[in-house]
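The values are calculated or read from the model by the stated rules, or taken from the named source; none is laboratory data. Quantities reported herein were computed from a predicted structural model and do not represent experimental measurements. For accessibility, only protein heavy atoms count, side chains too; no ligands or nucleic acids. Shrake-Rupley method; radii C 1.70, N 1.55, O 1.52, S 1.80 Å.
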Amino acid sequence: MNPIFPSILSTNFFDLESRLSAFASNGIEYIHLDVMDGHFVDNISFGPSAIKALKSKFDFKIDTHLMVDNPEKMIPKYIEAGSEWVSFHIETQKDHAALIQMIHSHGCQAGIVLNPDADVERVFPLLPDLDYVLLMSVFPGYGGQKFIEATVDRVGLLKGHIDERGLDCMIQVDGGVNADNAPRLKAAGADLFVIGTFLYNSNDIENTINIVLNQINGAKR
Ligand code: DX5
Ligand code: ZN
């Protein structure tokens with residue numbers, strides 16, 4: 001699996017089709033879709049119709065990151081629209097195990113997201129049921145923020161616990177990821193890298209994807 005999951009939040013929407021074409025011709029398999037409801041975070045982004053439109057032209061799998069107060073209502077809608085992976089925040093005051101079960105009942109991969117200030121230990125009881133944990137490396141709501149360095153140690157802590165228990169839950173990181181921090185995140189145990197701004201700031205996406213990929217593949221665990 002290609003470990004780079006481009007986020008399209010920070011794309012100039014007039015360029016979206018050419019960006020997606022560049023991703024498709026450079027081996028990208030998953031697009032990370034940031035869903036914001038204006039309540040859970042102070043921003044509004046994509047509805048389910050964005051997935052339908054994207055799927056009508058491209059073969060990407062969709063990794064939907066729900067930053068919403070009511071994941072129990074949104075999960076079925078975004079899966080019906082075409083998401084293969086769905087994650088929701090541990091900060092939502094909901095029955096997390098039931099939401100994971102809901103995602104799995106539709107045949108999708110389930111993830112849970114932790115904000116940078118959430119104790120990593122909170123996710124430990126849920127790990128056997130999860131396909132992935134998303135550790136936020138910025139506070140959610142906006143693209144283009146500065147990477148929070150403490151994330152590297154948080155990845156290491158989570159990875160150590162996953163390995164100790166012999167689980168196969170993957171670790172995804174999201175926010176401010178670039179060619180400098182990606183290899184350190186990989187070395188600490190990260191498997192999947194959500195990247196937005198760093199890709200769009202470059203005028204050669206192909207080259208940037210290759211540089212990050214080489215950095216990730218070259219990092220020792
Ligand atoms: C932030 C989003 C991220 C963000 C990542 O709330 O979850 O996916 O778009 O993009 P960059 O790489 O711009 O931080
Ligand atoms: Zn995200």
For segment 46-177, alpha-carbon Rg and Dmax in angstrom
14.7, 42
Quick check: at a probe of 1.4 Å, how many percent of the accessible area of the chain sits on carbon and sulfur atoms?
49
What accessible area per residue, rounded to a whole number of Å², is obtained for segment 3-84 using a probe radius of 1.4 Å?
44
Using DSSP H assignments, which helices in the chain have an axial alpha-carbon span of 18 Å or above and a mean Kyte-Doolittle hydropathy of 1.6 or higher?
none
Where q = 0.13, 0.15, 0.16, 0.17 Å⁻¹, what log10 of I(q)/I(0) comes from the Debye formula for the chain, counting one point per Cα?
-0.69, -0.95, -1.10, -1.26
For segment 150-221, the per residue accessible area (1.4 Å probe, Å²) is 44
Under 24 Å between alpha carbons - lysine pairs in the chain that sit 8 or more apart or on different chains
16
Compute the convex hull volume of the Cα atoms of segment 73-151, divide it by the residue count, and report the result per residue in Å³ as a whole number.
105
Rounded to the nearest 500, what is the chain's calculated 222 nm mean residue ellipticity when only DSSP H runs of at least 4 contribute -39500 (n - 2.57) each, over all residues?
-10500 deg cm²/dmol
